[in-house]
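Take a look at the structure below.
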Amino acid sequence: MAYIIDGKAVSAQVKAEVAAETAKLKERGITPGLAVIIVGDDPASRVYVNNKKKACAEVGFASEEYALPAETSQDELLSLVKCLNERSDINGILCQLPLPKGLDDSTVIEAISPIKDVDAFNASNVGKIMIGDYSFLPCTPAGVMELLKSANVDISGKECVVIGRSNIVGKPMAMLLLHSNGTVTVCHSRTKELAEVTRRADILVAAVGRAKFVTADMVKDGAVVIDVGMNRDENGKLCGDVDFENVKDKCSAITPVPGGVGPMTIAMLMKNTLTAAKLQNGIE
Ligand code: NAP
C-alpha cells in the first residue's frame with residue numbers, strides 16, 4: 001500500500017506559515033491584499049473564487065472581489081486591472097479563467113503588472129521560470145513540488161514523466177522538475193506508446209483532464225504518482241486523472257483526489273501573494 005500524500009495537511013502547514021509571516025507584516029503596518037476578478041456566472045469559477053477569499057481570511061489577508069457581468073467589455077476589464085495595478089494596498093491580482101466569450105484571456109493576463117501577477121501566468125513571469133530566476137511560481141506546479149518535498153521524494157536524477165503540456169500545469173511542472181535535476185519527459189495527446197513512456201517514470205505527474213486515465217499498467221512498481229486532475233466520474237463524483245484504487249497498490253506514494261494537489265493550489269496562491277506584498281514593500 002502506497003504512502004498517501006496528504007495535500008490537506010501540507011496545505012494547512014503552508015497556510016500556517018503564511019499566516020505567521022502575515023502577522024509579522026501587520027505589526028509593520030502592512031496587510032497583504034489580493035484582488036480577485038470574476039467575470040460571468042460560471043459555477044466552477046464561483047466555487048474557486050469563494051475558496052480563494054476564504055483562504056485569504058484564514059491567513060489574514062485583505063481580499064477584494066470584483067464580480068462583473070458576462071457582458072463586461074474588454075476595455076472595462078482592462079481599466080479595472082489598470083486601476084488595481086496602481087493601488088499600493090493591492091499586492092496580488094488574479095482574474096479567474098476562463099473568461100466568457102468576447103474577452104481575451106491572454107490580453108487580460110498581460111495587463112496585470114508582473115509584480116502583482118500572483119498566478120504567474122504572464123509572459124515575463126513564465127520567462128523567468130524558464131531561466132530559473134523567479135519570484136512567483138504557478139500555483140499548481142509549485143504545490144506539487146511542496147507535496148514531493150513533504151514526502152521526502154528526491155527528484156535529482158530521477159525519470160520524471162509529465163502527462164499534459166498546458167501552460168498552467170504541464171509545461172511549468174516539467175520546468176520545475178528539470179530545475180530539481182529530474183530527467184523530464186513531457187507527454188501529450190500525440191505521444192506514441194504512452195504507457196511505455198509512463199512505465200519508465202520514477203515520478204509520474206498526470207495533468208490530463210480525463211477521469212481515471214492513468215491505469216495500473218501504465219505505472220512502474222514503486223513510482224511516485226501525482227494526480228493533478230479534477231474530473232467527475234460516471235456518478236458525478238470528483239475524481240482525478242489516475243485510477244487511484246488500482247494504482248495505489250503499485251506505487252510507493254500517491255496523491256488522492258480530493259485532498260491531494262487541489263488544496264495546495266490555493267495555499268501556494270497565498271504564498272505568492274505574501275511574496276508579492278514583501279517585494280512591493282522592499283522586504284526580503
Ligand atoms: P488542458 O489545458 O486541457 O491540458 C490537458 C493536457 O492533456 C494537454 O496537453 C493534452 O494534450 C493532454 N492530453 C489530453 N488527452 C491526452 C491523451 N489521450 N494522452 C496524452 N495526453 C493527453 O488541462 P490543464 O489545465 O492542464 O488541466 C489538467 C487537469 O488538471 C484537469 O483535470 C484540470 O481540472 C486539473 N487542474 C487541477 C488543478 C488543481 O488545483 N488541482 C489546477 C489546474 C488544473 P494536447 O496538448 O496534445 O492537447
Just from the alpha-carbon atoms, what are the Rg and Dmax of the range 29-113 in angstroms?
12.7, 41
Three semi-axes of the equivalent ellipsoid, the range 205-278, Cα gyration tensor, whole Å, largest first
26, 15, 9
Percent RCO, i.e. relative contact order, over the chain, from Cα pairs under 8 Å lying at least 6 residues apart:
23
To the nearest 0.05, what FRET efficiency results for residue 23 and residue 106 with a Förster distance of 45 Å applied to their C-beta separation?
0.75
State the extension gain, in nm to one decimal, for the chain segment bounded by residue 252 and residue 123, taking 0.36 nm per residue of separation less the distance between their alpha-carbons.
42.8 nm
What size of dipole, in debye to the nearest 20, comes out for the range 104-144 about its Cα centre when the only charges are +1 on Lys and Arg C-beta atoms and -1 on Asp and Glu C-beta atoms?
180
Excluding same-chain pairs closer than 8 in sequence, count the lysine pairs in the range 15-104 whose Cα atoms lie under 22 Å apart.
14
Alpha carbon convex hull of the range 127-281, volume per residue in cubic angstrom:
113
The whole-number value in µm²/s of the Stokes-Einstein translational diffusion coefficient for the chain, with Rh from the Kirkwood sum over alpha carbon pairs at 4 °C and 1.567 mPa s, is 66
For residue 135 and residue 67, what does the FRET efficiency come to when R0 = 22 Å and r is the distance between their Cβ atoms, rounded to the nearest 0.05?
0.20
Simple Cβ-charge dipole of the range 139-262, Lys/Arg +1 and Asp/Glu -1, about Cα centre, in debye nearest 20:
340
For the range 71-196, max minus min Cα coordinate along each principal axis, in Å, sorted largest first?
49, 33, 23
Qualifying trypsin sites (Lys or Arg not before Pro) for the range 1-51 [loop in DSSP, other Cβ within 10 Å: at most 16]:
28
Computed magnitude of the charge dipole of the range 29-113 (debye, nearest 20; Cβ of K, R +1, Cβ of D, E -1)
300
Taking the solvent-accessible surface of protein heavy atoms with a 1.4 Å probe, what is the per residue accessible area of the chain in Å²?
47
Contour minus Cα-Cα distance for residue 154 and residue 31 (0.36 nm per residue):
40.7 nm
Backbone HN-Hα couplings from phi across the range 120-125 [Karplus 6.51/-1.76/1.60, Hz, Gly and Pro as x]
6, 9, 7, 4, 5, 6
Sorting 155, 121, 32 by the position of each Cα along the dipole of the chain (Lys, Arg +1; Asp, Glu -1; all at Cβ), the one nearest the positive end of that ordering is 155
Any aspartates and glutamates with Cα under 13 Å of the residue 149 Cα? List them, leaving off those in the same chain fewer than 8 positions away.
6
Along the Cα-to-C-beta direction of residue 41, a point sits 7 Å from the Cα; which residues of the range 67-84 have their amide N less than 16 Å from that point?
67-72
Shape category assigned to the range 1-68 from the gyration tensor of Cα positions, a/c cut at 1.5
oblate
Projected onto the charge dipole of the chain (+1 at Lys/Arg Cβ, -1 at Asp/Glu Cβ, origin at the Cα centre), which of 74, 19, 4 gives the Cα projection farthest towards the positive end?
4
Separation between the residue 167 and residue 190 pseudo-spin-labels, each 7 Å from Cα along Cα→Cβ, expressed in nm?
1.9
Which loop-located trypsin sites (Lys or Arg not before Pro) does the range 192-263 contain, where loop means any DSSP state but H, G, I, E or B and the Cβ has at most 15 other Cβ atoms within 10 Å?
192, 200, 210, 237
Determine the share of the chain's accessible area contributed by carbon and sulfur atoms, expressed in whole percent, with a 1.4 angstrom probe.
52
Alpha carbon centre of the range 40-108 versus the range 179-237: separation in Å?
31
Under the Karplus relation 6.51 cos²θ - 1.76 cosθ + 1.60, θ = phi - 60°, what is the ordered set of whole-Hz ³J(HN,Hα) values for the range 142-149, x standing for Gly and Pro?
4, x, 4, 4, 5, 5, 5, 4
Expressed in square angstrom to the nearest 10, the accessible area of residue 208 with a 1.4 Å probe stands at 60
Charges on Cβ only, +1 for Lys and Arg, -1 for Asp and Glu, centred on the Cα centroid of the chain; of 258, 240, 183, which one is farthest towards the dipole's positive end?
183
For the pair residue 235/residue 281, report the inter-label distance in nm, with labels modelled 7 Å from Cα in the Cβ direction.
4.8
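The values are calculated or read from the model by the stated rules, or taken from the named source; none is laboratory data. Given the structure is predicted, the values throughout are model-derived calculations rather than measurements. Counting neighbours? That spans all protein chains shown, and the Cβs are built from the backbone with ideal geometry, glycine included. Heavy atoms of the whole protein, side chains included, go into the accessibility calculation; ligands, DNA and RNA do not. Shrake-Rupley method; radii C 1.70, N 1.55, O 1.52, S 1.80 Å.
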